[in-house]
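Read the structure below first, then the notes.
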Amino acid sequence: MENALRAGFFAGYPRQVKERGKKCFNWRAGGRMVENMTGTIRIIGIDPGLRNTGWGIIDCAGPMLSFVASGVIRADTRAALARRLVFIHASLTEVIRAHRPEEAAVEETFVNRDARATLKLGQARGAALLAPAGLGLEVAEYAPNRVKKSVVGSGHADKRQIGAMVRMLLPKARADSEDAADALAIAICHAHHRGAAMRLAAGA
């Protein structure tokens, strides 16, 4: 499957991929995706961080969402920056290979007053973006406020509210940390936005 994804993504010609016995989507020029509306799309959401990188995977079948898995990648804070980035990338790659999502969503960097901290977080995002992109997945990026508004309805929701809404939307979710819950929220945000885009495209 990996070779097929790579070929379709980089060559830019239509290629239909079968996953779990169903036709899911086509790659076309520029890596754009066209969904078969009867299929199920698996999405991984990633909340990047140098210490803790949350990940959450859901299945999206039209308006229906279901929990698949979630977890946190905990990098050794005593390790050199480069080693931590390698660990984040390798760990995410392992997660993606194990669960085989078709699309990925990564939260954008929140710029704060500490420029150095923002820069380091940006480097963690780079590792988080590279892992799915390197395996041929389409990667979307969402600002934190957009994720909150999409999932909770308010761009200023706190982590408690996000966690509560994730549990409501995904009753079987077992997010054992705020980072994992945030990652599931990012995946849900992507599912909502891709669904709206597909409906808009269908009506065009």
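Details
- In a reduced charge model with +1 at each Lys and Arg Cβ and -1 at each Asp and Glu Cβ, segment 66-131 shows a dipole moment near 380 debye about its Cα centre.
- For segment 67-171, the Kirkwood hydrodynamic radius comes to 15.3 Å, computed from all pairs of different C-alpha atoms.
- Taking label positions 7 Å along the Cα-Cβ direction at both M64 and A143, the computed distance is 3.5 nm, reported to one decimal.
- Projected area, mean over directions - segment 69-125, Cα convex hull, nm²: 4.6 nm²
- Sequence of H89, H99, H190, H156 once ranked by neighbouring C-beta atoms within 10 Å, starting from the fewest: H156, H99, H89, H190
Every number in this text was worked out from the coordinates using simple rules, so none of it is lab data. Remember, it's a predicted structure, so these values are computed and weren't measured experimentally. With ideal geometry, Cβ positions are generated from the backbone for all residues, glycine too; neighbour counts draw on all protein chains shown.
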